[in-house]
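A quick write-up on the structure given underneath.
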Amino acid sequence: MTALLEVKNLTTYFHTRNGVVKAVDDVSFTVKSGETLAIVGESGSGKSVSCYSMLGLIPSPPGRIEAGEAWFDGRDLLKASQAELRQIRGSKIAMIFQDPMTSLNPYLTVGEQLIEPLIFHHKLSRAEAAEKARSLLQEVGIRDPEKTYHAWPHEFSGGMRQRVMIAMALIAEPKLLIADEPTTALDVTIQKQILELVKEIQQHRDIGVIFISHDLAVVKDLADQVVVMKTGRVVERGDAPSIFNCPDHDYTKKLLAAIPAGSKASAHDTAQMSHPLLSVNNLVTTFADRHSGDRFKAVDDISFELQRGEILGLVGESGSGKSTLGRSVLKLAQSDSGSIVFDGEEIQDLTAKAMRPYRRRMQMIFQDPYASLNPRMTIYDTLAEPLVLHDLAKGPQLNKAVLELMDDVGLARAYVRKYPHEFSGGQRQRIAIGRAIATKPELVIADEPVSALDVTIQKQILELILHLVDKHHLSMLFISHDLAVVRVLCDRVMVMKQGRVVESGLMESVWSSPQHDYTEALLKAAP
Amino acid sequence: MLNFILSRSMQSIPVIFVVITITFFLVRFAPGGPFDDEKSVEPEVKAALEAQYRLDQPLFSQYAAYLGDLAQGDLGPSFKYPGRSVNELIATGFPVTAELGLYAILIALCIGGISGVVAALKPNTAQDYVPMSLAMLGICMPTFLLGPLLILVFGIWLEWLPVSGWGDLPGDKILPSFTLGAAYAAYVARLSRGGMLEVMSQDYIRTARAKGLPERVVVLKHGLRGGMIPVVAYLGPAFAGILSGSFVIETIFQIHGLGRFYVQAAFNRDYTMILGCTVFLATLIVVFNLLSDLLAAWMNPRLRSQLGGNQ
């Protein structure tokens, strides 16, 4: 079979003020019709840039294609004019992107965005295009195409939007589909559905697919060929079985090892202990629905206990109420009824002022390390603030405490005067963890702390959390949508769905014999 | 949607009431009165005049009587133009001011909008720096300087355009409208540049490009809707500024609009005229702010559905 796309020695540099960044350095790969090529590597490895380069989608300046060829359909894409590339983009080569929440235009209806490629590339009338759009919406698994066609993007969940994106990419019947981390922003259950959809479409339409991901586990069932990239270069290539079964390069081995697997080494049976640090009884938290004004129960009659030194996993998909439960326990969200007993004291009815001494003892780590740190504060100020606020240290002691925190979370002391934007996502999450443990809390609630991170970084952060929980004898409520991640870390687990706990128990027994259908679905979804 | 309009309208009633009250008492505290400079007036005549206009009554009952008239839409008689009511005078002057303001805002939107978008397409190049430097100049230069300057260049040196009047000579509306609109064009340029820069870096613009749409469609269809929201939200405050700015323009260009009446009324201590103009303009400004807020909310589909406008 001849190659659909053949990329040879592609080299793309970014000429920035701080020098030349070799984003893509002498990269070659081929994709055949009906075949899926996975390009795998961590953030900044150049996997997206190599695909954007050949479609003329990199910002230029500073980006510049220095050398290479990209043969598609009998011509070299790198030598094609912008006008020629425009003819190819969306009609012969289509793309889907990572974040379906931001990749659709919020100011245009779904239908309007869907039909554009047909109108511009195939010169169809709006009515013909609309007809085709509706049937395609059906094909990507959207139940009510008529209604969806006239809806706005904000009315859909992430998974539904990604289906719309896929429909939009397929509508002009491209020969090559480039999927740039299409499931990274999604829950594992939705991820599974989208992966299956991509696979089904590829087989059904016999098109070539380039699937970009940071996670080898995701591409395992999908890829025919795998290219592993690191800092702009291809470090290993081969067919999927050989990459997964006998990886050659150390970096590939590292990526494979990063896939969360196995259980916590020293899981202790905490069910027997008698004095829990935290005990939550019949907690209910409701929100008013914007449209109808009805109260909607985000947390519906939940009770649980958390022992000292224990990590309790809380698993469920987006919208299951797990974050609201975490926030309610810390009284960051006002709950309607129930009790929260912390270290023997009822804190549910405390005023904000009476709550302050408890604040030192309970902390939170958030999902997005890019958004949860104040960009105008140095790391020193971020870490020192809780210490000063709770009057825990001052003067030279404060200095010492902050530097020790840096050691604790594995950051070089020299970085302490830098600002958040100078750090990578993983480093920022380390800072956020440092801020959370600064006051020597007893309870830490971690809300999806690794979901925004690459798998390799995720592994490091999970190890850091395990180390810190052990060292400081913390109790942790660990919120995640991914059971495999929870299994690495947690002693016990609760599975949440629509505001209720549907199953709970020791991690290993839930993992090996789930009782509830929903838990089983979550288990199957793990890549 | 209706609820939103109603609640916002209710909120604006106290605003207008406070404006009326403050203006009413402030003009009374200003030294002098409406009939003071007519030196030859006999004391009896003056007393009769004051009685006719209720000026002999205690201040508070004058205030109550004014509010009573106002509730019926009557702004009272003018003190300086005998036999004419303030309502009539506003009806004569306002169409001119409204026309001037309309042209000014159109000029501001066209020149400002286009140069802002053009600047945002190639940030930090000459295409950005030139219009943005002009915009900075436009913001810095007061109308009372720009007006005479334009008169000097286009009216006196080049003799292309008339230097005063409104609707008397062909082309005499150009200079006043442009002078008034220039500063707002500059603000609109800066806002639309900022809005477009923000929008053009969004992921959905990349999606639009990946679909192979022509750049024109990417900018005009996918970019403009989001990029213009800051401009639309600014229209309300811009309208207030243009109304008060027109007073200066009308004086420079000898235009008989509402602004001229207003300024003269202030010099003449024409109490009812000052109050009438103030109430009228305050109401207009409140209404236009409401409209621009509504329009900005309506342009965002997410807010539109919250307002219930999609039913």
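The values are calculated or read from the model by the stated rules, or taken from the named source; none is laboratory data. Since we're looking at a predicted model, the values are computed, not measured. Here the Cβ positions follow ideal geometry from the backbone for every residue, glycine too, while neighbour counts run over all protein chains shown. Surface areas here come from the heavy atoms of the whole protein model, side chains and all, with no ligands, DNA or RNA. Shrake-Rupley method; radii C 1.70, N 1.55, O 1.52, S 1.80 Å.
Some notes on this structure:
- Top-ranked residue in segment A:16-34 [being touching a strand residue (DSSP E or B) at 6+ places or on another chain (Cβ under 6 Å) and not β-branched (Val, Ile, Thr); ranked as farthest from residue A:77 (Cα to Cα)]: A:22
- Flag if residue A:139 is surrounded by fewer than 19 Cβ atoms within 10 Å (Cβ to Cβ), without any contact (Cβ under 8 Å) to a residue 24 or more places away in the chain and of a type in the set (Asp, Glu): no
- Unique match (being within 20 Å of residue B:210 (Cβ to Cβ), modelled with pLDDT of 90 or more and open to solvent by less than 30 Å² (accessible area, probe 1.4 Å)) among A:182, A:174: A:174
- Scanning segment A:100-115 for residues that are surrounded by 23 or more Cβ atoms within 10 Å (Cβ to Cβ), part of a helix (DSSP H, G or I) and within 7 Å of chain B (Cβ to nearest Cβ) gives a single hit, A:103.
- Among (1) open to solvent by 20 Å² or more (accessible area, probe 1.4 Å); (2) touching a strand residue (DSSP E or B) at 6+ places or on another chain (Cβ under 8 Å), the one test that residue B:251 misses: (2)
- Restricting segment B:209-227 to residues that are more than 7 Å from chain A (Cβ to nearest Cβ) and in contact with a helix residue (DSSP H, G or I) (Cβ under 6 Å, 6 or more places away or on another chain), the residue that is surrounded by the fewest Cβ atoms within 10 Å (Cβ to Cβ) is B:218.
- Index of the failed condition, residue A:187 passing every other in (1) crowded, with 21+ Cβ neighbours inside 10 Å; (2) more than 10 Å from chain B (Cβ to nearest Cβ); (3) more than 19 Å from the chain's Cα centre (by Cα); (4) of a type in the set (D, E, K, R): (3)
- Out of B:199, B:232, sole residue that is within 14 Å of another protein chain (Cβ to nearest Cβ), more than 22 Å from residue B:106 (Cβ to Cβ) and of a type in the set (A, V, I, L, M, F, W, C): B:199
- Of all the residues in segment B:112-135, those that are within 26 Å of the chain's Cα centre (by Cα) and open to solvent by 80 Å² or more (accessible area, probe 1.4 Å) number 2.
- Selection count, segment A:502-518, where residues are more than 19 Å from residue A:186 (Cβ to Cβ) and open to solvent by less than 50 Å² (accessible area, probe 1.4 Å): 6
- Candidate set: segment A:144-163, residues that are open to solvent by 30 Å² or more (accessible area, probe 1.4 Å) and among the hydrophobic types (A, V, I, L, M, F, W, C); chosen: the one farthest from the other protein chains (Cβ to nearest Cβ): A:160
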